[in-house]
Structure formats: structure tokens, C-alpha cells
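Here the structure is laid out as C-alpha cells; the discussion comes afterwards.
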Amino acid sequence: MEIVLVRGDITEQQVDAVVNAANSSLLGGGGVDGAIHRKGGPQILAACRDLRAGHYGKGLPTGRAVATTAGRLPARWVVHTVGPVHSRSEDRSELLASCHRESLRVAAELGARSVAFPAISTGVYRWPVEDAARIAVQTVREAGASGCSVEEVRFVLFDAPAYEAFAAQAV
Ligand code: APR
């Protein structure tokens, strides 16, 4: 499995699956979530509403992942995952690791060979980006060592601090 770092917009990535930093409602939001729905178009929200009407009636739990169409995005699928909100009193690292592990599992099950991740939880959910980068890169490396069939994982970083934080981990 190859890990690639890209400075840019995740909605423009030519990969099989794009991971969305969603919330448990699956009904959209700001940041990555807003960009994916805005650029991907209404088909994504319609698919998310179907999920809410079916298996995910109570919403998607933190740390879990589920796929929908990517609508008008250059990708084939969006894998929605809900990152943990950072807490100083509770260590939620395992939930952030689970977002990456579960997103890769769902993408691999679909036959995706390339997957783009944003820096999950480091925006609205206030996770320190250095620590998020450590967890993200370590979890993806572990998945690769465990035989995950995804060939390329691309971390798409929106700003220089995030890019530097991931570059420090990916060496
Ligand atoms: N491409 C790549 N990265 C992006 C983009 C984009 N188009 N837009 C924002 N980012 C970066 C942010 O700079 C941040 O580093 O993605 C990272 C994650 O930020 P958020 O999108 O705020 O995600 P998160 O912190 O996981 O919070 C999720 O925010 O948008 C709402 O509905 C969402 O409630 C959920 C919460």
C-alpha cells in the first residue's frame, strides 16, 4: 500500500473513493462535508437520506463508515465516516483510528484501489492536527501490513500546517 500526501481539495481527487468527514446525521454540514455535498450534488444527499431511512435510522455512530455514490465528483464512491470530537478529558484516539480502519474496510469491500482521506476531526472537531496525523498514518500503515487490498491511500491536506503535520509522520 502506497501512502501519498497531496496539498489540495479532496473534491478534485481522481480516486476510486473519497472519505467524507461527516457527522452522525449524514445530512451534510460545513468543511469537507459541505464541499463534498456541494460539488457532488444532490444524489449524495439522496443516498444518505436512504441510509437514514434504512439501516442507519439513528445516524452513523462515531468511528463507523458507510459508502454512497460520489454523484458528480471524479470519484466513484464517497465513504462517509464520523470522526470523534477532540476531548481533553477522554482519550478518543481509538475512535479516530476506527474511522480510518473502517473507511478502508468499506472501500476495499467495494473494490476501490485508491482512497483519499481528509484530515478527519482536525477542523470543527478540533483534534490537534499533529496527533491526528500520527493516528491516521499509523492506522493506515497497520491496515496495509494486514493485507488491505487498497493500493493507494492519499491524504489530501487543505492547508500548510496540516500538510507539514502529515509529512512529519509519513517519512
Ligand atoms: N478538501 C480537503 N480538506 C478540507 C476541505 C477540502 N475541500 N475543506 C476542509 N478541509 C480540511 C479542514 O481544513 C480540516 O483540516 O478538512 C479537515 C477536517 O475539517 P472538517 O471538515 O471541519 O471536519 P471535522 O473536523 O471532522 O468536523 C466534522 O464538521 O463539516 C462538519 O458536518 C461536519 O459536523 C461535521 C464536522
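The values are calculated or read from the model by the stated rules, or taken from the named source; none is laboratory data. Remember, predicted model here, so these are calculated numbers, not experimental data. Every residue, glycine among them, receives a Cβ derived from its backbone with ideal geometry; neighbour counts consider all protein chains shown.
Listed values, structure above:
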| read-out | value |
| --- | --- |
| E109 vs. criteria modelled with pLDDT of 95 or more, assigned to a helix (DSSP H, G or I) and within 12 Å of the chain's Cα centre (by Cα) | no |
| Only one of E90, E109, E102 that is touching a residue at least 12 places away in the same chain (Cβ under 8 Å) and out of contact with any helix residue (DSSP H, G or I) (no Cβ under 9 Å at 6 or more places or on another chain) | E102 |
| Residue that is under 18 Å from A35 (Cα atoms), assigned to a loop (DSSP other than H, G, I, E, B) and more than 14 Å from the ligand (Cβ to nearest atom), where the choices are R72, R88 | R72 |
| Residues satisfying the stated conditions in the stretch 45-66, i.e. closer than 15 Å to R101 by Cβ and outside any loop (DSSP other than H, G, I, E, B) | A65, V66 |
| Matching residues in the stretch 20-34 - criterion: being without any contact (Cβ under 8 Å) to a residue 60 or more places away in the chain, crowded, with 16+ Cβ neighbours inside 10 Å and either among the hydrophobic types (A, V, I, L, M, F, W, C) or over 16 Å from V85 (Cα atoms) (or both) | L26, G28 |
| Pair list, Cβ under 7 Å, 6 or more apart: the stretch 1-19 residue farther than 19 Å from A170 by Cβ, other residue at pLDDT 95 or above and among the basic types (K, R) | T11/K39; D16/R76; D16/R113; A17/R76 |
| Residue satisfying all of: in the stretch 11-34; more than 7 Å from the ligand (Cβ to nearest atom) and assigned to a loop (DSSP other than H, G, I, E, B); nearest to E109 (Cα to Cα) among these | D16 |
| Exclusive hit being within 14 Å of the ligand (Cβ to nearest atom), more than 20 Å from A70 (Cα to Cα) and not in a helix (DSSP H, G or I), set G123, G147 | G123 |
| Any chance L51 is over 21 Å from A167 (Cα atoms), surrounded by fewer than 22 Cβ atoms within 10 Å (Cβ to Cβ) and more than 13 Å from the ligand (Cβ to nearest atom) | yes |
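Table: residues versus (1) away from the ligand (no atom under 15 Å from the Cβ); (2) buried (at least 21 other Cβ atoms within 10 Å of the Cβ).
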site: D9; (1), (2): no, no
site: I36; (1), (2): no, yes
site: L60; (1), (2): no, yes
site: R76; (1), (2): yes, no
site: E94; (1), (2): yes, no
